[in-house]
Amino acid sequence: MSWILLNPGPVNLSDRVRQSMQKTDLCHREPEYFEMQQQVREMLLQVYGLDNEKWASVIMTGSGTAAMEAMLTSMVPLDGKVLVIENGVYGERLSMIAELHGIPLSRCRGAWESPIDEAALEQQLASDPQLTHLAVVQHETTTGRLNKLEGIAEICRRQQVKMLIDAVSSFGAEHIRFDDWPVAAVAASSNKCLHGIPGLAIVIVDRQATKTACQPPRSLYLDLFGYLDKQDALGTPFTPAVPAYYALHEALLELAEQGGYQARQRRYTELGEQFRLGVESLSIKPYIAARESSCVLRAYQLPASLSYDDLHDQLKQFGFVIYAGQGNLSDKLFRISTMGEICPGDIEKLLAAFRQILQ
Ligand SMILES: *Cc1c(COP(=O)(O)O)cnc(C)c1O
């Protein structure tokens, strides 16, 4: 049995990415590994056309949460303070990380079903001169909401704080204006919009931020700047997940050949709209409006006649894996991500399955 994965990562792989992992066993202390590591680091910058004098990519072995934790713990200095925007589970996770590490924190809580209140955010930033950073999730995968970073970036510039962006479920598919926004670091992962396998946690960091990094580091394994130094010198501090590098290398080649993140954004949007139009004709309503959603994932209200488990289990029989809501939304909605090697024919079959189940 195999499934079409409509969960927000890991994704269905293309054949070429799957086959790339069959390459030779490789020691991570040999030049062949370092060359691949360096190429992947450069290709990650190229996804957003970034200058490698100003920006650096750091790659660690771990899931997306490792990237979030490395970013927060390494970037906020001991005398710094972070304001976290919370309008979903991942925003709350950013706060939880800060709290666990004793990083001074304040929260800007927003309703999950409405956009961020920018006026309230600006007031909160303006009233606390100790704040040095703002942490925000670009695509709140909890609800599919795309937090509009343009306005938030403007506010951060005015209030002179640097942005730490969780782009784990948007890097490779949504616009991220690295050079226009006051960005200090962006967290990403190999297994979502980049179409690799799980295992690599990525942080794109402004090289200038090295100067204000947390010293001494709050973590041994997640010390971003320790990795940066070693990787710049063509080394690695710890044993990396080599097969995940093989897969990400191939996936990044594929992304570039397919037209880059803009083409991926168009493709996800087309698939997402195809599904939305199809289920709306079955009276299934979006949880938040399409214009407020990411291109990556949409959340829908569960039809009254079905529990989530019922819907999930029946769809699985048809070969599709969907995703539940998180937290108090678990009995209210279901989520459909269009990341990965999915085509319009798959969405057609998915809609046919919905029609049969709802009849
Ligand atoms: C998936 C995701 C993460 C990381 O989750 P992991 O399970 O650690 O990979 C972080 N932030 C967002 C917004 C995500 O969607």
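Points to keep in mind about this one:
- Sorted by Cβ neighbour density within 10 Å, fewest at the top, the residues Arg291, Arg41: Arg291, Arg41
- Global form of the stretch 12-60, assessed from the alpha-carbon gyration tensor, a/c cut-off 1.5: oblate
- With contacts taken as Cα pairs under 8 Å and at least 6 residues apart, the stretch 156-253 reaches a relative contact order of 23 percent.
- For Cys108, the residues 5 or more places off, or on other chains, whose built amide H falls under 5 Å of its own are Val84, Ile85, Glu86.
- Coarse-grained scattering of the stretch 21-128 at q = 0.13, 0.16 Å⁻¹, given as base-10 log I(q)/I(0) from a Debye sum over alpha-carbon atoms: -0.71, -0.93
- Farthest towards the positive end of the charge dipole of the chain, among the residues Gly319, Val205, Asn191, is the Cα of Gly319, using unit charges on the Cβ of Lys, Arg, Asp and Glu.
- Shape category assigned to the chain from the gyration tensor of Cα positions, a/c cut at 1.5: oblate
- Placing dummy labels 7 Å off each Cα toward the beta-carbon, the span from Arg207 to Arg157 is 2.3 nm.
- Lysine pair count for the stretch 228-359 with Cα-Cα distance under 20 Å and sequence separation of 8 or more or different chains is 4.
- Full-extension gain in nm, Asp310 to Glu35, via 0.36 nm per residue minus C-alpha separation: 94.2 nm
- Sequence-distant residues sharing a close amide H with Cys295 (under 5 Å, placed H): none
- Applying 1/(1 + (r/R0)^6) with R0 = 35 Å to the Cβ-Cβ distance of Gln215 and His175 gives a FRET efficiency near 0.60.
- Set of aspartates and glutamates with alpha-carbon distance to Lys23 below 13 Å, sequence-local pairs under 8 removed: Glu32, Glu250
- Residues of type lysines that Lys162 reaches as a straight line, Cα spacing below 20 Å, ignoring anything fewer than 8 places off in the same chain: Lys54, Lys81, Lys148, Lys211
- Counting only Cβ charges, +1 for Lys and Arg and -1 for Asp and Glu, the dipole size of the chain around its Cα centre is about 320 debye.
- Put in line by how crowded their Cβ is, counting other Cβ atoms within 10 Å and starting with the fewest, Lys285, Lys349 read Lys285, Lys349.
- For the stretch 155-217, a Kirkwood radius taken over Cα pairs fed into Stokes-Einstein (10 °C, viscosity 1.306 mPa s) yields D = 123 µm²/s.
- Inter-centroid distance (Cα atoms) of the stretch 67-115 relative to the stretch 241-317, Å: 26 Å
- Here the peptides 246-259, 206-219, 164-177, 322-335 are ranked by packing, the mean other Cβ count within 10 Å, and the order with the highest first is 164-177, 246-259, 322-335, 206-219.
- All-pairs Cα distance distribution in the stretch 310-357, expressed in whole percent, bin size 10 Å: 24, 54, 22, 1
Throughout, read-outs are computed from the coordinates displayed, never taken from laboratory work. Here the structure is a predicted model, which is why all the values come from computation and not from measurement. With ideal geometry, Cβ positions are generated from the backbone for all residues, glycine too; neighbour counts draw on all protein chains shown.
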